[in-house]
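Peer 1: Submitted below is the structure of interest, expressed as C-alpha cells.
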Amino acid sequence: GENVEQHPSTLSVQEGDSAVIKCTYSDSASNYFPWYKQELGKRPQLIIDIRSNVGEKKDQRIAVTLNKTAKHFSLHITETQPEDSAVYFCAAKPLPGGTSYGKLTFGQGTILTVHP
Amino acid sequence: EAGVVQSPRYKIIEKKQPVAFWCNPISGHNTLYWYLQNLGQGPELLIRYENEEAVDDSQLPKDRFSAERLKGVDSTLKIQPAELGDSAVYLCASSTGGASMNEQFFGPGTRLTVL
C-alpha cells in the first residue's frame, strides 16, 4: 500500500517568513495530493490540493508543487502569520482500479509555529 | 449548510466497556469515511462506505470494531469491548462522487478515553 513520509515534524518561523513542508510517497499510482490544516482540537480542513497532471498550484499565500518523477510534493506558505500556526498534513490517493482505490493515506503531520 | 456532525464529542469509559460513535455526513454525500487519529499522528482510515456498502474495511479490527450505514446516510462505529489502546480521536468524513478526487470534509471528531 501507499506510504507517505512528511518532514519536518516541527517547524518554527518568524512572522513574515516562508515555510516549506515536504512529503514523499511510495505508490506511483497516486494522483491526488491534498493538504489539510488542523488547529488544536479541531477538524482537519483542506487548504489546497493538486492533481498529477499539474506541477504547481497557487492560492494566495499558499502553493503546492508536485514532482511525480521523484514522488514528492511540497507545501509553501509565504508571508506567514500567527494564525497559520497549526498542524499540517499531506496526503496521497491512488488512481481508480487498484486495491487502494479511494484510500487517502496521510503523512505524520508538521507542527508549524509562527512567532509574532 | 451544516458540515459533518459527530456525537458525542467526548467519551470516557472503562476498559472492556462498549462504546458507539455517530456520524451524520453532509447532505448528498454518498461516500462516508471513519478515521482513527492518534495523538501527534495523521488520520488512518478504518472503513469507507459508498452509500450503504462498506467498500474498504481492510483496516478495521473486526474482532472488536463494527460499523454500519443502514440507509446510506448516518453511520455508527462501535467498539466492543474497548481496550486502553483504543484511546484516540475518531473522525468521520464525507465526500461526493464516489472515491474520486473530491474533497473529504471532516467532522469535529469524538475523543475517546479508555481508563
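The values are calculated or read from the model by the stated rules, or taken from the named source; none is laboratory data. This is a predicted model, so every value here is computed, not measured. Cβ placement follows ideal geometry from the backbone for every residue including glycine, while neighbour counts extend to all protein chains displayed. With ligands, DNA and RNA removed, areas are computed over all heavy atoms of the protein, side chains included. Shrake-Rupley method; radii C 1.70, N 1.55, O 1.52, S 1.80 Å.
Peer 1: Within chain A, what's the longest stretch lacking GluC sites (Glu not before Pro) that sit in DSSP loops with no more than 16 other Cβ atoms inside 10 Å? Let's see the in-between values first.
Peer 2: Working: sites that count: A:E15, A:E39, A:E79.
Answer - A:40-78.
Peer 1: Using the Karplus curve 6.51 cos²θ - 1.76 cosθ + 1.60 with θ = phi - 60°, what ³J(HN,Hα) values do you get for each residue of segment B:10-19, in whole Hz, with x for Gly and Pro?
Peer 2: Values per residue, Gly and Pro as x: 9, 8, 10, 9, 8, 4, 6, 7, x, 8 Hz.
Peer 1: Let me ask something else. Over the protein assembly as shown, what is the percentage of antiparallel beta bridges among all DSSP beta bridges, to the nearest 5?
Peer 2: About 90 percent, rounded to the nearest 5.
Peer 1: Through the Karplus equation 6.51 cos²θ - 1.76 cosθ + 1.60, θ set to phi - 60°, convert the phi angles of segment A:81-92 into ³J(HN,Hα) values in whole Hz; use x for Gly and Pro.
Peer 2: 10, x, 6, 7, 4, 4, 9, 10, 10, 9, 7, 9
Peer 1: Please give the residues of segment B:8-35, grouped as numeric ranges, whose backbone N is less than 19 Å from a label point set 7 Å along the Cα-to-Cβ vector of B:D63.
Peer 2: Residues B:15-19 fall inside that zone.
Peer 1: For segment B:1-47, just run the numbers: alpha carbon Rg, then divide by 2.2 N^0.38 Å, N being how many residues it has.
Peer 2: After normalising by residue count via 2.2 N^0.38 Å, the value is 1.36.
Peer 1: Same structure, new question: At a probe size of 1.4 Å, how large is the accessible area of B:I47, to the nearest 10 Å²?
Peer 2: 10
Peer 1: Run the simple label-point estimate for B:L70 and A:Q81 please: 7 Å along Cα→C-beta, distance reported in nm.
Peer 2: In this crude label model, B:L70 to A:Q81 measures out at 4.7 nm.
Peer 1: Segment B:21-75: percent of C-alpha pairs farther apart than 14 Å? Each step should come with its number before you reach the end.
Peer 2: Working: 778 of 1485 pairs.
The proportion of pairs with Cα distances above 14 Å equals 52 percent.
Peer 1: If you restrict to DSSP beta bridges whose two residues both lie in chain B, what percentage is antiparallel, to the nearest 5?
Peer 2: Numbers: 33 of 37 bridges.
Taking every DSSP beta bridge with both residues in chain B, the antiparallel ones total about 90 percent.
Peer 1: Would you list, by chain and number, the lysines whose Cα falls below 29 Å from the Cα of B:K78, excluding same-chain residues fewer than 8 positions away?
Peer 2: Cα-Cα hits under 29 Å: A:K37, A:K42, A:K93, A:K103, B:K11, B:K15, B:K16, B:K62.
Peer 1: Could you run the numbers on buried accessible area between B and A, total for both chains, 1.4 angstrom probe, in Å² to the nearest 100?
Peer 2: Details: alone 6460 and 6530 Å², together 11210 Å².
So the total buried area for this chain pair works out to about 1800 Å².
Peer 1: Given a 1.4 Å probe and the protein chains all in place, what does the accessible area of B:I12 round to, in Å² to the nearest 10?
Peer 2: Solvent-accessible area, nearest 10 Å²: 120 Å².
Peer 1: In whole Hz, what ³J(HN,Hα) sequence does segment B:62-77 give by Karplus (6.51, -1.76, 1.60; θ = phi - 60°), x for Gly and Pro?
Peer 2: Taking θ as phi minus 60°, the curve returns 6, 6, 10, 9, 9, 9, 8, 8, 4, 10, x, 10, 5, 9, 10, 10 Hz for segment B:62-77.
Peer 1: Heavy-atom accessible area per residue, chain A, 1.4 Å probe: how many Å²?
Peer 2: 49
Peer 1: Threshold 30 Å², probe 1.4 Å: give the residues of segment B:63-112, in number order, that are less accessible with all protein chains present than with their chain alone.
Peer 2: Going by heavy-atom accessible area, the residues of segment B:63-112 that drop by at least 30 Å² are B:A99, B:M101, B:E103, B:Q104, B:F106, B:P108.
Peer 1: Let me ask another. Beyond 16 Å, what share of the Cα-Cα pairs of chain B remains, rounded to the nearest whole percent?
Peer 2: 56
Peer 1: Between A:S28 and A:L46, with labels modelled 7 Å along Cα→Cβ, what's the label distance in nm to one decimal, could you check?
Peer 2: Modelled inter-label distance: 2.8 nm.
Peer 1: Divide, for chain A, the radius of gyration over alpha carbons by 2.2 N^0.38 Å, where N is the residue count.
Peer 2: Computed over Cα atoms of chain A, the ratio equals 1.04.
Peer 1: If you don't mind, another one. For the protein assembly as shown, what D do you get in µm² per second when you plug the Kirkwood radius from alpha-carbon pairs into Stokes-Einstein at 37 °C and 0.692 mPa s? Let's see the in-between values first.
Peer 2: Values: Rh = 18.2 Å.
D, rounded to a whole number, is 181 µm²/s.
Peer 1: Ok, one more. I'd like the GluC sites (Glu not before Pro) in segment B:4-59 restricted to DSSP loop residues with at most 15 other Cβ atoms within 10 Å, sorted by number.
Peer 2: B:E14, B:E52
Peer 1: Starting from the residue with the highest accessible area, list A:S85, A:S12 in decreasing order, probe 1.4 Å.
Peer 2: A:S12, A:S85
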